[in-house]
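Below is one structure; the comments refer to it alone.
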Amino acid sequence: MEAVPPGERKQAKTDSTEKTWNLRLYVAGQTPKSIAAFSNLKKICEEHLAGKYRIEVVDLLKNPQLAKGDQIVAIPTLVRKLPEPLKKIIGDLANTERVLVGLDIRSISG
Amino acid sequence: MVKARRDIDVLKKSPTGIKGLDEITKGGLPKGRPTLLCGCAGSGKTLLAMEFLMRGAMDYEEPGVFMTFEETPEDLAKNFASLGFDLHGMTSRGLIATDYVRIERSEVEETGEYDLEGLFIRLGDAIDSIGAKRVVLDTIEALFAGLSNATILRAELRRLFHWMKERGVTAIVTGESGDKTLTRYGLEEYVADCVILLDFRIEEQISTRRLRIVKYRGSSHGADEYPFLIDESGISILPITSLGLDYPVSMERISTGVSKLDVMLDGKGFYRGSTVLVSGTAGTGKTSMSATFAAAACLRGERCLYFAFEESPSQIIRNMSSIGIDLARWVNKGFLKFHSTRPTLYGLEMHLVTFHKLIEDFNPQVFIVDPISNLSAAGKASEVKSILTRLIDYLKMKKISTFLTNLTHTGSSLERTSEEISSLIDTWLLLRDIELNGERNRGFYILKSRGMAHSNQIQEFLLTNQGIDLIDIYTGTGDVLTGSARIVQEAEEEASEHARRSEVDRRLREQERKMKAMDAKIAALRIEFDMESEEMNLMKEEERKRQSVLAEDRLKMADLRKGGPSALRRIARKRGGKGA
């Protein structure tokens, strides 16, 4: 269930009053789309949520039963667990604009 | 030829366990392949898929996965419960696994390339968790509503069906009918092996569910539309048109319940498994005959299924007790089962399916429909005939003796059924009323009875408090007389017979008298004759005496005249010559 690869998990350290962004990326093995999605996500987070995000990568090949919980159908799927409400973005996250809209980041980073 | 045989070996089938469907598909759905089940909303797709899964798990040791895209697990459990299946129990026993896939378009943002590997993984996980052999996807088209990239979806669906084949699961994929296509999103493109279409039509305010196999690659199958029924025990499909005329026949004879009628039918009654029709106008005793036949069957220890389209069971029981037939006893013992419905309650085909289902459940030896003519209220005459043909074929196949009644209307020919089914009937009994001298009586005769010598006599049909009685009717002077007219005529006939007999006696006595008189006359004549003969003899003697006396007198006279001896000699010679 925990992050793959390790070391990508980043905790919010600077501002404790701001909410931590809890993101979960569902993948199925190391497919080109999964790798692209992860690097795209990381880039966006570093740019807009530096220091206050946490990415958890779930490989469904290893933990297939986890797919049910978040209603995962498409791969890759990014789920914004926190802040509420839950949001889902599917695809390789190549379109940064849409990811920002999907995650509702733009309004925060402003 | 060789190839065809190999195909048969290759194409294994997975029985659905659904009544009738396995007959139509000749063994079930293609094993290890997906089948597309399409139909409009409310046509019973989910129910059929569900039953396929449940029967597989319970009867064929094939656990199954139900993946729903539309219903929550709670709704699903309720649906299963409506068919009498305990979904939770089956799940905990590891026979069924369910997965509810929900995609809310408003919650999902699409950015770039993706695939449906998540779905594959979920399905694969569910299959592995119970070792499933069957899968239902109901209905996967919901994906099109949840995801916008149709190109990806289509590619992924193609991959999914391929993947399921590789996994070797027998799958049902449901899809909603489109305007001109079988499914709204063209799923039939991906599922090439077997496509089943469910239909739900309303004709003249009567609805009928129908099922049709659109295609079944590599297998023959019934091609018609088959009506089906959904009730508390699931789906029943009636393979009604797949019957032929090759049923075995029985030589066994069964009593009609009326001993006189048995006598009329070669002394033995109907053939077992034959089809008997009683037709007649209103109030001629058709139901009484049916009840008599039913009671006779129950008395033999047979089960009898009685379809009543006009009266409620209790009314029939009450009415029949008035002619001494106790049906309640047989109902209580479980030999007799009534089924009363109004013909217009549902469509013809549904009636047929109901017949079929009840026959399967009750397994009767005798089947009665009273009357079939009411079916025409539920459909066109040609349809009624087709339904009855299929019903009779089915009953013959099962060797069930069938007793149908038919109400003919005054004004139309009696020897004609409104449903034109006479050719299907083996024994046709006709009841008619005979109006005469201000009375209405019932006449009865056998119009035909295949395969046996039968009486050609018209009988008077009497309903007594001991049941049905048949009496020879008076046909002496050419007229048919029944009721009191018959009794009067019989009395008259007896009287005239008596008179005739005494007349003969009188004539005989007269003759005798004449004979005696004649004898007496003969005797008298003889006496007279004798007397006359005697008189004649006397006269002859007298004459002779007189002659001789005369001769003597002449001689004496000659002597007295002394005429000379020569003259006397001459006279004497002459006389002597003559005399010599």
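For every residue, the table says whether it meets (1) farther than 22 Å from B:ARG184 by Cβ; (2) crowded, with 18+ Cβ neighbours inside 10 Å; (3) not charged (D, E, K, R).
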| position | (1), (2), (3) |
| --- | --- |
| B:LYS19 | yes, yes, no |
| B:THR25 | yes, yes, yes |
| B:GLY28 | yes, yes, yes |
| B:LEU36 | no, yes, yes |
| B:PHE66 | no, yes, yes |
| B:SER82 | yes, no, yes |
| B:VAL101 | no, yes, yes |
| B:SER106 | no, no, yes |
### Those residues of the stretch A:53-69 which are of a type outside the set (S, T, N, Q), assigned to a loop (DSSP other than H, G, I, E, B) and at the interface with chain B (Cβ under 9 Å from one of its Cβ atoms), in sequence order
A:LEU60, A:LEU61, A:PRO64
### Checklist (1) modelled with pLDDT of 90 or more; (2) not in a strand (DSSP E or B) applied to B:GLY283, failing item
(1)
### Test: B:TYR216 is out of contact with any strand residue (DSSP E or B) (no Cβ under 7 Å at 6 or more places or on another chain), farther than 23 Å from B:HIS351 by Cβ and either at pLDDT 80 or above or not assigned by TED's automatic domain parsing to the domain that holds B:GLU349 (or both)
no
### Message
Any residue at all in the stretch B:141-152 that's surrounded by 22 or more Cβ atoms within 10 Å (Cβ to Cβ) and in contact with a strand residue (DSSP E or B) (Cβ under 6 Å, 6 or more places away or on another chain)?
### Response
yes
### Close pairs (8 angstrom Cβ cut-off, 6 or more residues apart or separate chains): more than 12 Å from B:LEU83 (Cα to Cα) in the stretch B:225-238, among the hydroxyl-bearing types (Ser, Thr, Tyr) anywhere
B:TYR226/B:THR241; B:PRO227/B:THR208; B:PHE228/B:SER236; B:LEU229/B:SER236; B:LEU229/B:THR354; B:ILE237/B:TYR226; B:LEU238/B:TYR226
### Set B:GLY131, B:GLY186: member being without any contact (Cβ under 8 Å) to a residue 24 or more places away in the chain and surrounded by fewer than 17 Cβ atoms within 10 Å (Cβ to Cβ)
B:GLY186
### Query
Taking into account only those residues within the stretch B:77-111 that are among the charged types (D, E, K, R) and within 11 Å of another protein chain (Cβ to nearest Cβ), which is nearest to B:SER233 (Cα to Cα)?
B:ASP99
### Task
Kindly provide the set of residues from the stretch B:310-365 that are polar (S, T, N, Q) and without any contact (Cβ under 8 Å) to a residue 60 or more places away in the chain, ordered by number.
B:SER312, B:SER314, B:GLN315, B:ASN319, B:SER321, B:ASN332, B:SER340, B:THR341
### Query
Name the residues in the stretch B:266-321 that are under 15 Å from B:ASN374 (Cβ atoms), of a type in the set (S, T, N, Q) and in contact with a Phe, Trp or Tyr (Cβ under 8 Å, 6 or more places away or on another chain), would you?
B:SER279, B:SER290
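Which members of the stretch B:386-403 meet the condition of being outside any loop (DSSP other than H, G, I, E, B) and modelled with pLDDT of 80 or more?
If the condition is that a residue be outside any loop (DSSP other than H, G, I, E, B) and modelled with pLDDT of 80 or more, then B:LEU388, B:THR389, B:LEU391, B:ILE392, B:ASP393, B:TYR394, B:LEU395, B:LYS396, B:MET397, B:SER401, B:THR402, B:PHE403 are the ones that fit.
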### Query
Looking at (1) of a type in the set (D, E, K, R); (2) surrounded by fewer than 18 Cβ atoms within 10 Å (Cβ to Cβ); (3) at pLDDT below 90, can you tell me which one B:LYS333 breaks?
(3)
### Query
Right, A:LYS33: facing chain B (nearest Cβ under 8 Å) and part of a strand (DSSP E or B) or not?
no
#### Entry: Hits in the stretch A:88-101 - residues which are at the interface with chain B (Cβ under 8 Å from one of its Cβ atoms), surrounded by 15 or more Cβ atoms within 10 Å (Cβ to Cβ) and either farther than 24 Å from B:PHE69 by Cα or among the charged types (D, E, K, R) (or both)
A:LYS88, A:ASP92, A:LEU93, A:ASN95, A:ARG98, A:VAL99, A:VAL101
### Query
Out of curiosity, is B:ALA499 buried (at least 19 other Cβ atoms within 10 Å of the Cβ) and more than 29 Å from B:GLY267 (Cβ to Cβ)?
no
### Task
Run down B:ILE202, B:ILE196 and say which single residue is β-branched (Val, Ile, Thr), at pLDDT 85 or above and outside any loop (DSSP other than H, G, I, E, B).
B:ILE196
### Message
Is it the case, given these coordinates, that A:LEU49 is on the phi < 0 side of the Ramachandran plot, crowded, with 20+ Cβ neighbours inside 10 Å, in contact (Cβ under 8 Å) with a residue 60 or more places away in the chain and not hydroxyl-bearing (Ser, Thr, Tyr)?
### Response
yes
### Message
Criterion first (over 28 Å from B:LEU197 (Cα atoms) and outside any strand (DSSP E or B)) does B:ILE121 satisfy it?
### Response
yes
## Note on the structure
Note on B:ALA132: of the conditions (1) part of a loop (DSSP other than H, G, I, E, B); (2) within 11 Å of chain A (Cβ to nearest Cβ); (3) in contact with a strand residue (DSSP E or B) (Cβ under 6 Å, 6 or more places away or on another chain); (4) not polar (S, T, N, Q), unmet is (2)
### Query
more than 30 Å from B:ARG210 (Cα to Cα), part of a helix (DSSP H, G or I) and not acidic (Asp, Glu) - does that describe any residue in the stretch B:303-314?
yes
### Summary
Taking first residues from the stretch B:61-84 that are closer than 23 Å to B:ARG33 by Cβ and not assigned by TED's automatic domain parsing to the domain that holds B:ALA132 and second residues anywhere that are surrounded by 21 or more Cβ atoms within 10 Å (Cβ to Cβ) and of a type in the set (S, T, N, Q), the pairs with Cβ under 9 Å that are 6 or more apart or on different chains are none
### Message
Here are the criteria: (1) at pLDDT 90 or above; (2) out of contact with any Asp or Glu (no Cβ under 6 Å at 6 or more places or on another chain). Tell me which single one B:SER290 does not satisfy.
### Response
(2)
#### Entry: Inter-residue pairs, beta-carbon under 9 Å, first facing chain B (nearest Cβ under 7 Å) and in the stretch A:72-87, second of a type in the set (Phe, Trp, Tyr) and in a strand (DSSP E or B), 6+ apart
A:ILE72/A:TYR26; A:ALA74/A:TYR26; A:ILE75/A:TYR26; A:PRO76/A:TYR26; A:THR77/A:TYR26
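The values are calculated or read from the model by the stated rules, or taken from the named source; none is laboratory data. The structure displayed is predicted, hence computed values, not measured ones. For neighbour counting, all protein chains shown are included, and Cβ atoms are generated from backbone atoms with ideal geometry for every residue, glycine included.
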